[in-house]
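Here the structure comes first, spelled out in structure tokens, and everything after it is commentary.
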Amino acid sequence: MVRFFKDKRETDSASFQVTSKDFQELLKKFKASNDFLTFQFPNDDGYIISYFNSLVSVQQLHEQVLAVMSNQPKKVLKQLKGDIPMEDMKLTADLKDIQRLVLEGSIMIQYKQDDEMCLLIPCVHSVKRQISTPESEYTVVGSKEAFVESLDSNLNLIRNRLPTPELQSKEFRVGSISQTRIAVLYIDGVVNQQIIKTVIQRIEDIEYDTIVDISFVSQMITDNRNSMFPQLIDTERPDHLASVLSEGKIGIMLDGSPHALVGPNTIISFFSSFEDYFQIWNLGTSFRLIRLFAVLFSVLSSPLYVAVLTYHYQVIPTDLLPILISSRGVIPFPPILEAIVLEGTIELLREAAVRLPAKVGSTIGIVGGIVIGSAAVEAGFVSNVLLMLVALAALASFTVPIYQISNTIRLIRFPFLIAAQLYGLFGIALCSAFILSHLLKLTSLGSPYLDPLYPLRIHDFKDSLIRLPFSKQKKRPQFLRTENPLRIRKEAEKRNTRNDIDE
């Protein structure tokens, strides 16, 4: 009969005599936890089996391990390893390996004659979420698969889309306590090796105790950690990651996170939706330009209102002037305070809608916006013209396909508002110059953030502000400095033929 116990005093002390003090200390730490079980099989003179009950598949333990051991005479661990039909078993006395593998869900088997040597058999009980549809990057056309929290499942999704031996995955562990698996993906022969070395070096330099999400890694390996502008794209779509890997970019995935990081990127990448490639090129280009215009309108509409009404009312068209006068006739506040109150209210409604449950949050966002906006206009706190501008600006900010850059757009409005109040249109121009100078210096994994505008690369305009047909995109983006710049096989064959003729 199998006997379970959680305290060392309940066992036969002779069965656990070890010569290594460190090994005893490790067992003591394990047994301090209530879910760590130890028993002797098949009797008091048999093997000593230990494992964490919360990590191990008990069914697999009984069917594939104990069933084989019960039909075999007692053997040394090396012989037992050959009889158990399991993969990735390890026979070791290394305490680091023992600790890591047991905490990952392996069963530890000791033999009384060789207590320090342990046979570690993986019997992981993994709790996985089923693959579902994307939430933040949902598209009408295209794949409906999204990453899950399992790194192995996510790697499977990528390898199914890129069945090539050149697809490489380099795994590391980050977090002194969490020891979380992290994988760097790239296509060998395409990606620039210097970028790979940079990313691997930054990951190895991470010194933090617990890494629970890929966003932690993003903040630690970016070029400028103080910039409001994100430099790595966060994606939940396997098809998106597979596509950019073929361009020459890299992907970073973390076990336990349903998202992946993509880099290097340009600022235009954050306004390009993956759905643009599922449509004909002229429609994709039109929607991309609409998003860029919407972002500019979202950032500048309220500051322009403040600047014009405070300093430059003479530029207001004559037909529009009576409307503005009537809308602000009963407003007791200056335009800047009026704008800050409305912008702050919009941000409060956004945060409330995000933090509340989905069904309640959508109701709060719609009803709250209508009720508060109407009440503010009727009470004379804000003008209806500014209310319309702020509402349109908030709506325009939702057109951004990448969530990280949308947060940046929400915040940079306020420096523009302050500059507009202080210096009018000159203040807006001055604030724009400061942001532009910051973007000129910003890089993403060493690549220029404003490409193809700076440095000017005409070739990269084919898939930046506009998206030309796939037949026109014969080469990969120049800013990635890929080892193999050609994307169309015929072009490579033509080039090889010309080289043969020249020779």
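Tell me which residues come under 5 Å, amide H to amide H, from LEU167 once H is placed; ignore anything under 5 positions away on its chain.
ASP188
How large is Rg over Rh for segment 168-220, taking Rg from the Cα atoms and Rh as the Kirkwood inverse mean of 1/r across Cα pairs?
0.99
Tell me, what are the semi-axes, in whole angstrom and largest first, of the equivalent ellipsoid of segment 126-236 as set by the roots of 5 times the Cα gyration tensor eigenvalues?
Square roots of five times the eigenvalues give 23, 18, 17 Å.
Could you work out the Rg to Rh ratio of segment 415-480, with Rh taken as the Kirkwood radius (inverse of the mean 1/r over all Cα pairs)?
Rounded to two decimals, Rg/Rh equals 1.17.
Could you tally the net charge around PRO258, taking each other residue with its Cβ under 10 Å from the Cβ of PRO258, Lys/Arg +1 and Asp/Glu -1?
-3
Suppose every K and R has +1 on its Cβ and every D and E has -1 on its Cβ; what is the size of the dipole of the chain about the Cα centre, in Debye to the nearest 20?
Roughly 740 debye, rounded to the nearest 20.
Taking N as the number of residues in segment 331-462, what is its Cα Rg relative to 2.2 N^0.38 Å?
Normalised by 2.2 N^0.38 Å, the Cα Rg of segment 331-462 equals 1.29.
Go through LYS31/LYS81; LYS144/LYS472; LYS31/LYS90; LYS21/LYS96; LYS144/LYS474 and tell me which ones have a Cα-Cα distance over 19 Å in this structure.
Pairs exceeding the cut-off: LYS31/LYS81; LYS144/LYS472; LYS31/LYS90; LYS144/LYS474.
Apply 1/(1 + (r/R0)^6) to the Cβ-Cβ distance of ARG202 and LYS96, taking R0 = 25 Å, and write down the FRET efficiency to the nearest 0.05.
0.55
With r defined as the distance between the Cβ atoms of HIS459 and GLN24 and R0 fixed at 60 Å, what FRET efficiency is calculated, to the nearest 0.05?
Values: r = 65 Å, r/R0 = 1.08.
E between HIS459 and GLN24, to the nearest 0.05, is 0.40.
Given 0.36 nm per residue, what is the gain on full extension from LEU468 to ALA32 after removing their alpha carbon distance, in nm?
150.7 nm
Which residues make up the longest stretch of the chain clear of chymotrypsin sites (Phe, Trp or Tyr not before Pro) that lie in a DSSP loop with no more than 14 other Cβ atoms within 10 Å, not counting the sites?
That would be 209-397.
Which of ILE267, GLN279, PHE36 sits farthest toward the positive end of the charge dipole of the chain, with +1 on the Cβ of Lys and Arg and -1 on the Cβ of Asp and Glu?
Comparing the listed Cα positions along the dipole, GLN279 ranks first.
Take the Cα radius of gyration of segment 211-328 and divide it by 2.2 N^0.38 Å, with N its residue count; two decimals is plenty.
1.54
Where does the chain land at 222 nm, in deg cm²/dmol rounded to the nearest 500, when only DSSP H runs of n ≥ 4 count, each adding -39500 (n - 2.57), divided by all residues?
-14000 deg cm²/dmol
If we count every other residue with Cβ under 10 angstrom of HIS459's Cβ, Lys/Arg +1 and Asp/Glu -1, where does the sum land?
+3
Let's test the formula: R0 of 22 Å, r as the Cβ-Cβ distance of ASN53 and GLU171. What FRET efficiency results, to the nearest 0.05?
Computed FRET efficiency for ASN53 and GLU171 comes out at 0.20.
With +1 on each Lys and Arg Cβ and -1 on each Asp and Glu Cβ, how big is the dipole of segment 106-158 about its Cα centre, in debye rounded to the nearest 20? Kindly include the intermediate steps, with their values, before the conclusion.
Working: 4 positive and 8 negative charges, 47 e Å.
Taking the Cα centre of segment 106-158 as origin, the dipole is about 220 debye.
Which of SER215, SER132, ALA242 sits closest to the plus end of the dipole of the chain, meaning its Cα is farthest towards the positive end, when Lys and Arg get +1 and Asp and Glu get -1 on the C-beta?
ALA242
Can you tell me the Rg and Dmax of the chain, counting just the alpha carbons, in angstroms?
30.4, 101
For the pair GLN193/SER432, report the inter-label distance in nm, with labels modelled 7 Å from Cα in the Cβ direction.
Placing both labels 7 Å beyond Cα along the Cβ direction yields 4.5 nm.
Under a 1.4 Å probe, what is the accessible area of the chain per residue, stated in Å²?
I get 52 Å² per residue for this part.
Could you give the nm distance between label points at PHE278 and ALA67, where each point is 7 Å from its Cα heading toward the beta carbon?
4.5 nm
Tell me the Kirkwood radius of segment 86-164: reciprocal of the mean inverse pair distance over distinct alpha-carbon atoms, in Å.
Over segment 86-164, the inverse of the mean reciprocal pair distance is 15.7 Å.
If you take the charge dipole of the chain about its Cα centre, with +1 on Lys and Arg Cβ and -1 on Asp and Glu Cβ, which of SER50, GLY373, LEU436 is farthest toward its positive end?
Projecting each Cα onto the dipole axis, the largest value belongs to LEU436.
The values are calculated or read from the model by the stated rules, or taken from the named source; none is laboratory data. Remember, it's a predicted structure, so these values are computed and weren't measured experimentally. Here the Cβ is made from the backbone with ideal geometry for all residues, glycine too, and neighbour counts use every protein chain on show. What goes into the accessible areas is simple: the full protein's heavy atoms, side chains included, and nothing from ligands, DNA or RNA. Shrake-Rupley method; radii C 1.70, N 1.55, O 1.52, S 1.80 Å.
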